[in-house]
Amino acid sequence: MVGNHFHDTNHNVNAWQAVAAKLSDAGIHVITTSNKPHRFARLVDMAFTIVTKRNAYHAAQVDIFSGAAFFWGFISVTLLRILQKPTIITLHGGNLPLFSKRHPRLVRYLLRIPEVVTAPSAYLLNALKHYRHDIRLIPNAIDISNYPFVQRINVQPNLIWLRAFHEIYNPSLAVEVIARLKAKHPNITLTMIGPDKGDGSLQRTQEQVQIQNLQDCIQFPGKAAKNEVPQWLNRGDIFLNTTNFDNTPISVMEAMACGLCVVSTNVGGLPYLIDDEVDGLLVPPNDTMAMAKAVSCLLTQPTLAVKLSENARNRAEKLDWSGILPQWENLLVEVIERHNVSPR
């Protein structure tokens with residue numbers, strides 16, 4: 001499995017790492033690459049692993065993102081083609097459709113190489129299906145049993161933000177929302193959980209808290225371990241997703257599983273995950289007033305909060321690993337058998 005398989009405090013556990021872990025737990029020998037933090041070292045490690053361990057794996061899966069990471073995936077898929085290895089690529093990232101419009105020939109060429117192309121959301125599938133018509137949908141998944149459901153009935157102004165601090169996730173918007181709501185809801189709180197991606201977003205967000213004099217109601221506990229996420233989520237009633245680009249974020253799925261009332265920007269794959277006013281509220285990106293209004297609605301309309309909380313849990317239950325893992329297992333068997341290679 002070729003992608004960003006980091007194992008350090010600066011990165012949250014991502015969807016593709018979860019796939020690798022689940023396949024391994026199912027008894028499949030999984031090799032992952034790469035965990036190198038430096039970009040060039042990561043690319044070298046990917047290529048080195050693909051070539052030197054070619055006799056240790058029967059098939060490969062490669063994650064495809066936009067930007068520079070696209071070319072790492074492109075090189076990896078090319079090497080696998082030279083080695084005649086059965087290959088699956090998985091599309092990721094809310095910005096990949098825009099990238100494909102800028103580089104249509106390159107994207108079309110890449111998508112035609114592997115045996116199978118998968119997408120974790122209908123958003124990416126629909127956005128890129130004109131490059132390849134048989135893209136398969138295999139959603140991101142969660143272990144629903146790990147997320148205790150708390151029915152939100154009497155919603156309190158306790159808000160949770162869970163993401164890495166990076167400009168594409170627009171953390172400062174959450175602070176602006178609290179500043180706008182503070183006068184009307186003086187007991188409002190916001191917990192912003194996540195690692196620092198190093199682009200200055202965390203520092204800018206903390207400075208904004210100081211400027212707005214919100215130190216008493218906004219806290220930054222840092223990155224949460226995966227097993228601690230449900231406990232952090234259930235400390236709040238409302239979940240803010242402020243991102244400018246997104247696909248199908250695990251953090252939002254986790255919040256829905258816990259029954260939080262989700263208020264999210266209406267970007268990328270979010271409208272495919274959240275049905276507005278059914279299992280969450282969607283607002284335009286980077287719109288402080290709209291997001292603050294949505295939060296106020298939840299605090300003043302108990303029946304709406306109850307409905308969103310219950311429906312969010314129901315939606316999340318459909319994304320449990322019990323239904324998703326067999327799809328990956330069957331796909332691996334399919335591509336291996338297509339090449340007449342007997343899996344171990």
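The values are calculated or read from the model by the stated rules, or taken from the named source; none is laboratory data. Just so it is clear, the structure is predicted and the values come from calculations on it, not from any experiment. Note that we place each Cβ from the backbone using ideal geometry, even for glycine, and neighbour counts take in every protein chain shown. Note: areas computed on protein heavy atoms with side chains; ligands, DNA, RNA excluded. Shrake-Rupley method; radii C 1.70, N 1.55, O 1.52, S 1.80 Å.
Quick look at the numbers
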read-out: Where residue 62 falls short, out of the listed (1) in a strand (DSSP E or B); (2) open to solvent by 40 Å² or more (accessible area, probe 1.4 Å); value: (2)
read-out: Among (1) closer than 20 Å to residue 266 by Cα; (2) assigned to a helix (DSSP H, G or I); (3) open to solvent by 70 Å² or more (accessible area, probe 1.4 Å) - the single one residue 172 does not satisfy; value: (3)
read-out: Qualifying residue in the stretch 298-308 (condition: in contact (Cβ under 8 Å) with a residue 24 or more places away in the chain, within 24 Å of residue 188 (Cα to Cα) and among the basic types (Lys, Arg)); value: yes
read-out: Hits in the stretch 211-240 - residues which are open to solvent by 60 Å² or more (accessible area, probe 1.4 Å) and under 25 Å from residue 309 (Cβ atoms); value: 219, 226, 227, 228, 231, 235
read-out: In the stretch 186-203, residue most open to solvent (accessible area, probe 1.4 Å) [restricted to those that are under 23 Å from residue 252 (Cβ atoms) and more than 23 Å from the chain's Cα centre (by Cα)]; value: 189
read-out: Helices (runs of 4 or more DSSP H) lying entirely in the stretch 73-142 (those with 2 or more residues that are open to solvent by less than 50 Å² (accessible area, probe 1.4 Å) and in contact with a Lys or Arg (Cβ under 7 Å, 6 or more places away or on another chain)); value: none
read-out: Complete set of residues in the stretch 143-165 that are open to solvent by 50 Å² or more (accessible area, probe 1.4 Å), farther than 16 Å from residue 298 by Cβ and outside any helix (DSSP H, G or I); value: 148, 149
read-out: The stretch 278-294 - residue that is open to solvent by 30 Å² or more (accessible area, probe 1.4 Å) and in a helix (DSSP H, G or I) and, of those, farthest from residue 263 (Cα to Cα); value: 289
read-out: Residue satisfying all of: in the stretch 105-147; hydroxyl-bearing (Ser, Thr, Tyr) and under 24 Å from residue 271 (Cβ atoms); farthest from the chain's Cα centre (by Cα) among these; value: 131
